[in-house]
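The values are calculated or read from the model by the stated rules, or taken from the named source; none is laboratory data. On a predicted model such as this, the values are computed, not experimentally measured, just so you know. Methodologically, a virtual Cβ is constructed for each residue, glycine included, from the backbone with ideal geometry; neighbour enumeration extends over all protein chains shown.
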There are 4 protein chains.
Amino acid sequence: KDVARLLIKCPDQPGIVSAVSTFLMNYGANIIESSQYSANPEGGNFFIRMEFSCPDLHTRRSDIEQSFQEISTKFNMDYEFKYVSDIKKTAIFVSKELHCLMELLWEWQNGDLIMDIGCIISNSENAEQLAKSLNIPFYYIPANKDIRMQVEEKQMRILKEHDIELIILARYMQILTPNFVSHYPNQIINIHHSFLPAFIGARPYERAYERGVKLIGATSHYVTNDLDEGPIIEQGVERVSHHDKVDDLKRIGRNIERSVLARGVKWHLQDRVIVDGNKTIVF
Amino acid sequence: KDVARLLIKCPDQPGIVSAVSTFLMNYGANIIESSQYSANPEGGNFFIRMEFSCPDLHTRRSDIEQSFQEISTKFNMDYEFKYVSDIKKTAIFVSKELHCLMELLWEWQNGDLIMDIGCIISNSENAEQLAKSLNIPFYYIPANKDIRMQVEEKQMRILKEHDIELIILARYMQILTPNFVSHYPNQIINIHHSFLPAFIGARPYERAYERGVKLIGATSHYVTNDLDEGPIIEQGVERVSHHDKVDDLKRIGRNIERSVLARGVKWHLQDRVIVDGNKTIVF
Amino acid sequence: KDVARLLIKCPDQPGIVSAVSTFLMNYGANIIESSQYSANPEGGNFFIRMEFSCPDLHTRRSDIEQSFQEISTKFNMDYEFKYVSDIKKTAIFVSKELHCLMELLWEWQNGDLIMDIGCIISNSENAEQLAKSLNIPFYYIPANKDIRMQVEEKQMRILKEHDIELIILARYMQILTPNFVSHYPNQIINIHHSFLPAFIGARPYERAYERGVKLIGATSHYVTNDLDEGPIIEQGVERVSHHDKVDDLKRIGRNIERSVLARGVKWHLQDRVIVDGNKTIVF
Amino acid sequence: KDVARLLIKCPDQPGIVSAVSTFLMNYGANIIESSQYSANPEGGNFFIRMEFSCPDLHTRRSDIEQSFQEISTKFNMDYEFKYVSDIKKTAIFVSKELHCLMELLWEWQNGDLIMDIGCIISNSENAEQLAKSLNIPFYYIPANKDIRMQVEEKQMRILKEHDIELIILARYMQILTPNFVSHYPNQIINIHHSFLPAFIGARPYERAYERGVKLIGATSHYVTNDLDEGPIIEQGVERVSHHDKVDDLKRIGRNIERSVLARGVKWHLQDRVIVDGNKTIVF
C-alpha cells in the first residue's frame, strides 16, 4: 500500500504543522491520521506522527525524503519516514514459558501484528516444535551467565543474517550485556512481569505475594542497560486477593503479560512509539 | 487566556490540514493540541479539533473568523471557533438524588470543570441548601406529567434569563418534551443509569438485577427526542455479583454515574465532542 | 485427589451450616473452601458450596452420599456431590473463527482448565488440523437452517458416544433447537459477542458500531431456549472510541470473548456456578 | 439490629466450622454471611468471618462471649465478636487537600460508611467550615517536624476524649511517630498516593511522571512504623498517557485516592479485614 508514517521531533514553534502538511499536500498526499504532542508549548519539544497515503509512493520515496531535508533543517527536526510496505523483520527470544510467544504468533497469524518473523531464538527447546510447525527458523542456544559473551555472539550473527530490526523478549530469562543492547537501541522490547517500578528484578510474583498487593501487573518496555529501567511502552494490571497463592499470581499474570507485550509490540510495529529520554510517547 | 479551539467537519480531501495550519500560522498562532479523524479517507467526512494560542486573540477574533470564511467555503466546512476565555454558562437540573450534582459542584470548585453555573433547577427541594451555600441561584419548580408544558415554560424563561448554553441533567427524573429539546440541540447532557443500549427507560437497576448481569454501567449522552437514544459521549461499568441486591446496584451505580457524567460534561466544556449523526467523536 | 465439592440449595433457616459441617467432620473431612449466599435471610433460599478433602474419599463416596440423605431431607435440600477426580467430559463446538477454541485449548494445555475434551464438532473445517495436532477427535458436520434436525441428530449421537457432560459453544454460529437444548440443561455454555442484554441476536459488533457505544463487551451464559436470554455466568468489556471501525471492534472483541468464555468454563468446571432461576450464583 | 460478626484465626484442623456453627445454632442464630480462608490446609492458619443475626442479641452478648471460651480454647483461637449496633468511633486527620475527606463525609451522609465521626483533626484550617457545617468537632493543630511530640500529645488527648477506635488519615501529610502508632495497632488507615510498593515516600506523582508510567494508582493500608510498608487493604489504578503532566496525574489520582480510601475504610467498618502478619485478608 502507498501509505507512510512521518515521525518528527523538534523544538516547538509556530509553523511546523503548516510546513509539513503543505509539503505533503504538494505531493498529493492525504493525511489519514495525525497525532501531536507539545511537551511544553513554550520552549519544549514538539512531536508529531502523520500517517498519509500518497499515489505512487514507492517510486517517489527518495524524491520525497530528499525534498524534506529543507524543512527538517529549517525546524531542526529529528525525523523518520516509515513505509507500511516495509514489513519489519523481527526476532523473538523466549525461554521455557511459551505463553507470550504463543500470543505473538497467534496475533501475527490473525493479521493483528504485521511483521516478518525472521527467527525464534531460545535457551530452551520448548518452542522448537511450535516454531517449526509455522516454518519459522528456530535456534536453540543454551545460555547461562558464564558463557554470555559466546551466546550473544552467536545470537548477533543470526540476527544479522536475518536483518532483524526488532527483538522481542517474550519472557527470555537471560540478562543481555551492554554490548548487545548497544547494537539495538530502542529496538528491543521486553515484558517484565510486574507493574514497574514495583518489583524490579527477579521473582516479582513471589515478592508481590509476600507484600500482599491487591493488584498485580506487567510492563512492556524498551531495554536499556539499566535493568527494568528502560522506557515504558505499556502496562496492565489485574485484581488479586488473599486467596491467590504465588502460582495463582503467575497464572493471572500470564494473561496480563501476553496482552501487555502484544500491545507494546503492535504499537512499535505501527510506528506509534517515540522514545523521548527515558519515556515514550505513544501516538 | 489567548487560547481558542477550532472545530471543523468537512468532506475529506488532501490539503485541509495544510490550509488550516497555514492560516493559523499567518496569525502567529501556535497549535497546542490537534486531533483529527477520517471517517473514511476515500469519500467520507474529515473532522479536526485544533487548540491554539494566538497573541492578542481577544482583539483579533472577528478578523480571524472573517478571514477564515474563504477556507471554509473552499473546503465546504462546518466549523466553529471556541474561545477558552468564553466560560460556558450552564444550568444543572436535578431531582431528589444529589450525588451527580455534588460531583459536578465538587469538580467545579476544584477547577476541573470550568463553567459558569447560572442556576440549579429542581423538582425537589433537596438541593436548595447546597445551592445557596455556594451562591448559585436555585429554582424549585415542582413537576409532573400533567403540568409538563407550564413547567418547561418556566424553565425556559429562567434558562434565557441566565443565557444558558448547556443544560446538565444530573439525575433529573422528568422527561423533556420535543419542544424543549428542540431549543437546545446537542446542548443537553443526560446521565442514564445503565450501560446503553441495555435497559433503556425506567428502573434500569431493578431490571439489571432481574437479568442477573455481572457488570452494571452508566452512560452520558446528548438528549434527543428518542428516549435514551441520543449520541453517547461516555460510558463506564463496574463489576457486581450475585451478592448485590438492587440497593447495592444503586449504590455502586451512583459512583459510576457521577464519574461518567462529570467526564462527559468536562469533554463538552473543553469543546472535545463533535456530534456526527447519532454518534460522537470525542477528541 | 480426595477432594470433593458439596453444592446445596435449600430454604434458609438456622442450623444448616452446623448440620453440614458436623456431618463432614464426622467423616474426618477438612473444609478447604466454603462460600454461601442467602437470597433473603428471612424466607429466601440458602446456597452453599463447600470444598473439602477427606481421607479415602474414593472408597467412601457412596457411604457418604447415602448418609447425607437424612440431612438433605430434613432441610429440604437440592444438592450434589462433585468429585475433583471425576474430570468432566466436554465437547467444543466451533465455526470458522477459532480464537475462542484456541484460548480454551491453550488454557487446557496449561492446566488452567481441567477437563477431558471428548471431541470438537464444527460446521467448518478450519479447526481440523488444530484438533488433530492435539489428538482430539474432530467431527466436521456441515450445518444450515434447513438440515438442523439431521445435524443435531448426528451431533447428539457423537455426544453420547463420548459421554459428554458439558458443551462449550466457542463461537458456534448455528442456533440450537429446543429439542437439543432440553437434553443438556445448564450444560451448554455459549459466548455471546456483546454485553447482554445489549445487542441480543445477530451482528452485535455492527450494531454497537452503529449505536456509537464507548465500551464493547462479551457474555458467557448457559443456553436456554430463549436466544441470548439464558443465565449469565460472566461478562467483560473494553473501551473503544470513534476511531474504531467494525473490524476494530471485532478484533478488540475477540480478546474479550476468549477470556470471558474461558472464565465461565473454568468456573463451571470447578463447580462454582449454581443456576438459580435465570441467574447464576458464582462462588 | 441484632447482628454480630465473629472473626476467628486459628491453626487449621477439621471440625472448626462444625464447632462454631453448632455453637451459634444453639443460640438460635442464623448465619447471614460466612467467608473463610485456609492459608494452607495442611498446617497453616484458618480464618473465618461469620455474620449472624441472633434474637435478643443485646441482652445475651456476655453470655455468648463467655460460653464461646470453651471452643476458643479447644481450637486455640484468636477471635473477636463485633456488634453491628456498636457504631465505631472514628477520627479523620486531614491536611490541605480535602478530596478524601469530602468523599468520606459524603459516603457517611449517604449511609454507605456507618461510623460515628468523633472529630476531624487538621494541621490546616481548610476543612474547618466543612466540619462545622456538619456539626463535627474540628481541631486545628498546626504541625511540623520540630513539634511532633507536642502535636501528637494534643492529638492523643483529643482521641481519648472522643473514645476513637479508628483513625483515618485522609491525606494527612505529617509522619506519625512510633509512639503514636503503637497506641493504635491496625487502627490507623492511610491513603498513599501511589500503587505501592512503587513510589514509596514523598512526591509519588512527580516520580511517576518522571518514570513515564502508563498507569497510576493509590493504596489504602494500615499504618505501621515502616513508612508505607503496612498491610495493604485496597489498591486502584487508572490509565494515564504521555499527555498527562504532573498536575493531570494529581487530578486523576485524586479520584483514585478517594475511592480506594473509602473502600478500605468501609471494609474495616464492616469488620471484613483481618491482619495476618503484614498482609490483610479481606472477606
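Summary table below
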quantity	calculated
Enumeration of residues in region C:30-86 that are touching a helix residue (DSSP H, G or I) at 6+ places or on another chain (Cβ under 9 Å), closer than 10 Å to C:ALA4 by Cα and within 10 Å of another protein chain (Cβ to nearest Cβ)	C:ILE31, C:MET50, C:PHE52, C:CYS54
Cβ-Cβ under 7 Å pairs, at least 6 apart or on other chains, region D:58-73 side in the same structural domain as D:SER21 (by TED's automatic domain parsing), far side in a helix (DSSP H, G or I)	D:PHE68/D:PHE23; D:ILE71/D:ALA19; D:ILE71/D:VAL20; D:ILE71/D:PHE23
So A:ALA218, is it within 29 Å of D:ILE274 (Cα to Cα) and under 18 Å from the mean Cα position of the chain (by Cα)	yes
Sole exception among (1) at pLDDT 95 or above; (2) surrounded by fewer than 24 Cβ atoms within 10 Å (Cβ to Cβ) for B:ASP228, by number	(1)
Filter result for D:ILE200 (surrounded by 18 or more Cβ atoms within 10 Å (Cβ to Cβ), in the same structural domain as D:VAL246 (by TED's automatic domain parsing) and either on the phi < 0 side of the Ramachandran plot or at pLDDT 95 or above (or both))	no
Qualifying position, being in a helix (DSSP H, G or I) and either within 22 Å of C:GLN235 (Cα to Cα) or in contact with a strand residue (DSSP E or B) (Cβ under 9 Å, 6 or more places away or on another chain) (or both), among C:LYS160, C:LYS154	C:LYS154
Verdict on D:ILE167 being more than 30 Å from B:LYS96 (Cβ to Cβ), of a type in the set (A, V, I, L, M) and either more than 14 Å from chain B (Cβ to nearest Cβ) or surrounded by fewer than 22 Cβ atoms within 10 Å (Cβ to Cβ) (or both)	yes
Of residues in region A:16-29 being free of Cβ contacts under 8 Å to residues at least 12 places away in the same chain and facing another protein chain (nearest Cβ under 7 Å), the one nearest to A:ARG61 (Cα to Cα)	A:MET25
Near pairs, Cβ below 8 angstrom, 6+ apart or cross-chain, from region D:141-152 (under 18 Å from D:ILE120 (Cα atoms)) to any residue that is aliphatic (A, V, I, L, M) and assigned to a helix (DSSP H, G or I)	D:ILE141/D:VAL151; D:PRO142/D:VAL151; D:ALA143/D:VAL151
From the options C:ALA208, C:ALA202, C:ALA262, C:ALA198, residue that is more than 11 Å from chain B (Cβ to nearest Cβ), of a type in the set (A, V, I, L, M, F, W, C) and over 14 Å from the mean Cα position of the chain (by Cα)	C:ALA202
Within region C:121-130, tally of residues that are within 14 Å of chain A (Cβ to nearest Cβ) and either buried (at least 20 other Cβ atoms within 10 Å of the Cβ) or at positive phi (or both)	1
Matching residues in region B:232-248 - criterion: being buried (at least 21 other Cβ atoms within 10 Å of the Cβ) and farther than 20 Å from D:ILE256 by Cα	B:ILE232, B:ILE233
Residue ranges of strands (runs of 3 or more DSSP E) in region C:1-120 with at least 3 members buried (at least 18 other Cβ atoms within 10 Å of the Cβ)	C:3-11, C:30-38, C:45-53, C:89-94
